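The structure appears right after this line, and notes come after that.
Throughout, read-outs are computed from the coordinates displayed, never taken from laboratory work. Note that the structure is a prediction, hence the values are computed from the model and not measured. Every residue, glycine as well, gets a Cβ built from its backbone with ideal geometry; the counts of neighbours run over all protein chains shown.
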Amino acid sequence: MNRISRIAALAALPALLLSSCAQQENVTATTDASSSESNQEIASAKPWDKPQRMMESMQYRYDKWADPVTGEIDYRNYYKALAQADRIAQGPSAKANYDLSWDALGPDNQGGRTRTILIDKDDRNLMFTGSVAGGMYRSTNRGDSWEYMDNYPGFSAISSIVQSADGTIYVGTGEGFASYQSPTGVSFTPAAPGNGVWKSSDKGQTWEFLSSTAYYSPGASGVENVTNPGGWAIVNRLAAHPTDPNIIAAAVVNGLYVSQDGGLTWSQRPGSNAQDVKWSPDGNRLYGTISGRLWYTDNFGVNWASSSLSTSGRTEIGVTPANPDYIYLSNANGQGCFNGLWVSDNKGITFTRVADNTNFDPFAQPSGTVGCQGGYDNAIAVSPCDETLVYIGGITFYTWSNNSGGLRRADVIGTEGGSAPNADYLHADKHTILFDPFDATCNTMWVGNDGGLSVASRAKDGFPDNLQFQEKNFGYQSLQCWSVGAGFYGESACGAQDNGSQYIDGLGNSSKASSRYIGGDGGYAEISHLDPDIV
């Protein structure tokens, strides 16, 4: 259905909730005799350290989604709400003329969490990307600027975009690598559910939903029977066969899938939490990881075999056309810490660990102030020109080669004082790495991260630690805002995921450009109606 109609249909719900909350607050204010004592307790309380603040923030967001009866997140309720919104949008109130129009406020100079990038196989200037909250975007000038694809009708949580040999584009939805903390402190639930896979055979002009991947059918009477939260609600990764346009693979939350008819039907290798899937560059072997362990098939999913390497946690796969026999694995253990980099030169039959976390950990803060998070940010790529050059992304960015002394740090992040346009700066939390297939020198390398998009211009010539990054976010309005504040004179503020607090006053390089006035993770945002300088 039309997404704006759904927004309008749901618009009345927050107003009712706010009215109810306001009445409840008035009752509390007049009946709480111990308010002064409570204020004294608050004033004398010690501030939380950073890990505790993070845990409390995760708990708060979890509680907003949780079922008030069970205390647990049940995504069946989420899909029920979507079905209810669809029915409201088709009801009598939807026929009223609200005369509403919507414009994107921005920011247009700061991107949000991005897990996938695609460069069109036929046109180097044409690129596609998507964020986990902001939907699909397209560039026609190699990423110098981006435009929102309002004709894409699928879920806005974009996890994977790939292209088959005949140019067909496939889009996987739902984010499985970001989570909310449960009340027990150990259970996690995917934070952004989606709904299957969409495809386009005309470079994104029109779209077709693959009904074989439907997790939720709008308005269907059986919507209450969807599983929680399995199946095609979370598509972590897609992989198109390098030569056969009909063959596509998927790493879904409940297993590895292979289709030989363009997504009409699928065969499944069941398993809990399939994370990554890659074809060997010659197309003869398909690799996939389930709960950190490597599996492979040589007959398009009819039979699967597991690697002799026993790993758990989260494992990402790197392959290269420089040598189809090579495969690298970047593994984070169950605590999210770097467990090692493994390499095989015989298509995964045997592996050698070539790096561990003795001296380096891409998935931990350089300061060591917070725990590891390789279950959230874990990316790997191998140079298309040289099977010995490896690039690993986590909180920070590392390269690896035996010829350059093993793991080497190759970036500076914001908590270390880094910022654009410093050529060493790369926004923290890297999620995808893509080499430009049109660059025969293998120097052009794209990185998707919590700050949107960056491109390296010296990925090979500057190896291992002079890669020369530049942000490419103009028009990519994909920031994930936890809250929004509006000023009396048209200003706006946003508390953003991993991008601090952003402020737009119309006086930047564009009318939608923002400036960041607080770093880290943003929270509540408000602007004084009396003095717009007070935020």
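Quick rundown of the values:
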{"read-out": "Residue 76-residue 201 pseudo-label distance in nm [points 7 Å out on the Cα-to-Cβ vector]", "value": "3.8"}
{"read-out": "Distance (nanometres) between label positions extended 7 Å along Cα→Cβ at residue 56 and residue 212", "value": "5.0"}
{"read-out": "Region 481-535: equivalent-ellipsoid semi-axes (sqrt of 5 x gyration tensor eigenvalues, Cα, Å)", "value": "17, 13, 8"}
{"read-out": "Under-5 Å amide H pairs with residue 255, H placed in peptide plane, nonlocal only", "value": "271, 273, 274"}
{"read-out": "Residues with amide H under 5 Å from that of residue 475, placed H, sequence gap 5 or more", "value": "109, 146"}
{"read-out": "Magnitude of the charge dipole, region 115-306, Cβ model with Lys/Arg +1 and Asp/Glu -1, debye to 20", "value": "460"}
{"read-out": "Calculated diffusion of region 115-306, Stokes-Einstein form, Kirkwood radius summed over Cα pairs, 25 °C and 0.890 mPa s, µm²/s", "value": "145"}
{"read-out": "Calculated FRET value between residue 243 and residue 147, using beta carbons and R₀ = 35 Å, to 0.05", "value": "0.65"}
{"read-out": "Extended-chain gain in nm, criterion 0.36 nm per residue less alpha-carbon gap, residue 438 and residue 264", "value": "59.5 nm"}
{"read-out": "In Hz, Karplus ³J(HN,Hα) per residue of region 292-305 (6.51, -1.76, 1.60; θ = phi - 60°; x = Gly, Pro)", "value": "x, 9, 8, 10, 8, 9, 10, 9, 6, x, 5, 10, 10, 10"}
{"read-out": "More than 20 Å apart - percent of Cα-Cα pairs taken over region 307-478", "value": "48"}
{"read-out": "Amide H partners (placed H, <5 Å) of residue 294, local residues excluded", "value": "307, 311"}
{"read-out": "Segment residue 486-residue 388, length gained on full extension (0.36 nm per residue, minus Cα span)", "value": "30.1 nm"}
